[in-house]
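Nothing in this text is a laboratory measurement; each read-out follows from the coordinates by a stated rule. Every value quoted in this text rests on a predicted model; they were computed, and no experiment measured them. Glycine gets a Cβ as well: all are built from the backbone with ideal geometry, and neighbour counts include every protein chain shown.
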Amino acid sequence: MAERALWALYQGLFTTLNGANSLWGDQVYPDAAPAWAGQDYLLYFWTGGGEANDVVEQDARITLTIKAVSDSLEDAMKMAAAVAALLNDKGTQETTTPAVSAAPDWLVTAITQGRIVHLLEKFSDAVNVYHEGNSYEFIMGLA
Amino acid sequence: MPAHNSNKVYLVLDSMDVSGFMTEVGIKPSNTDVDISAGAGLEHEQTGAGLDSTSWDISLAYFPEAVADYITKIRHGALVMAIYGPEMNVPGKPKHQQLIKISSIDGPKLDVKKGAVMFKVSAKGADTPVVDMFRGGTF
């Protein structure tokens, strides 16, 4: 039985993003950031999709939102751009150096940057927190 | 008694099982009409059965690791022995086996939206079926 596609993707994405850029360092979190997380950090979570049914065997089209959270608009933008540079069009069928390994059961064959996520969160004392990122569609097939 | 909704088919082209690559397969049998109208004062056309024929639509997904194995089976103009089982190749279940001629292929077609790439194959029966599903043929 193959590993659940979403779990394979979550693990692979963490490996790719964790420590990949000094702007976020090892502050990469699936689904929700812990209370002690300091800024800046990356957050990724399921937004849509699942089994693609393009073929009879298992396959998947999963959309995740990956966003940077920072109290600096400039840093949030830089982080989002860095994530895009790491991931967009970096599937196994798109480059010889694919970005995300979903081994052993899955291949991430294509990664597509989608809609922008842009959000300003206002806190007391005129503190602004910026959320900046994109949705990404991950097309996956069994390895 | 449930209707049939499975996508688990059995499809063999020239001894190669391509069931796993199938995204769509359909067979369309037909029979030509023969006008047998005769007799004085006839007011309505009488139609008799002519020759049977089948046309096939087969869509196969493009699997990079395997495409070299099956692309030659769907070459336009190729005569291919096809075996089709809409309920797999389970004994007693419908079976159609016939030599078919590949008439045309649409694909592989790629698009910027990264849709699933496939071959859409049109074929036509090239000989009397070895096993005719529509005459009760089974595995």
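Odds and ends about this structure:
- Inter-site label distance for A:Asp26 and A:Ala143 at 7 Å from Cα along Cβ, in nm: 2.5
- A simple count of charges around B:Met133, restricted to other residues whose Cβ falls under 14 Å of its Cβ and scoring Lys, Arg +1 and Asp, Glu -1, yields +1.
- Helical content of the protein assembly as shown, expressed as a calculated mean residue ellipticity at 222 nm, amounts to -3500 deg cm²/dmol (DSSP H runs of 4 or more residues, -39,500 (n - 2.57) each, divided by residue number, nearest 500).
- Multiplying each eigenvalue of the alpha-carbon gyration tensor of the stretch A:43-84 by 5 and taking the square root yields semi-axes of 32, 9, 5 Å, largest first, rounded to whole angstroms.
- Charge-dipole axis of chain B as Lys and Arg at +1 and Asp and Glu at -1 on Cβ define it, positive-most pick from B:Ala126, B:Asn5, B:Ala66: B:Ala66
- Charge-dipole axis of the protein assembly as shown as Lys and Arg at +1 and Asp and Glu at -1 on Cβ define it, positive-most pick from A:Val28, A:Leu13, B:Gln98: B:Gln98
- Sequence-distant residues sharing a close amide H with A:Val117 (under 5 Å, placed H): A:Gly133, A:Asn134, A:Ser135
- Cα-centre dipole for chain B with unit charges at Cβ (Lys and Arg positive, Asp and Glu negative), debye to 20: 540
- Folded to 0 to 90 degrees: helix A:73-87 orientation relative to chain A principal axis, Cα: 10
- Among the trypsin sites (Lys or Arg not before Pro) within the stretch B:15-111, those in coil by DSSP and having at most 12 neighbouring Cβ atoms inside 10 Å are B:Arg75, B:Lys109.
- Once the chain from B:Leu51 to B:Met88 is taken as fully extended at 0.36 nm per residue, the excess over their C-alpha distance is 10.5 nm.
- Net charge of Cβ neighbours under 15 Å - reference A:Asp89; Lys, Arg +1; Asp, Glu -1: 0
- FRET efficiency, 1/(1 + (r/R0)^6) with R0 51 Å, evaluated for B:Thr138 and A:Thr97 via beta carbons: 0.50
- Those residues of the stretch B:1-26 whose amide nitrogen sits under 15 Å from the label point placed on B:Leu99, 7 Å along Cα→Cβ: B:14-15
- Separation of the B:Val67 and A:Ala33 label points, Cα + 7 Å toward Cβ, nm: 4.3
- Pairwise FRET efficiency - A:Arg4 versus B:Asp111, Cβ, R0 = 35 Å, nearest 0.05: 0.75
- Gaussian network model of chain B, Cα within-10 Å springs - most flexible of B:Phe21, B:Phe63, B:Phe119: B:Phe63
- Structure remark: mean-square fluctuation, Gaussian network model of chain B, C-alpha springs under 10 Å; the largest value among B:Val90, B:Val80, B:Val112 belongs to B:Val112.
- Estimated inter-spin distance, A:Asn128 and B:Lys124, nm [label 7 Å along Cα→Cβ]: 6.9
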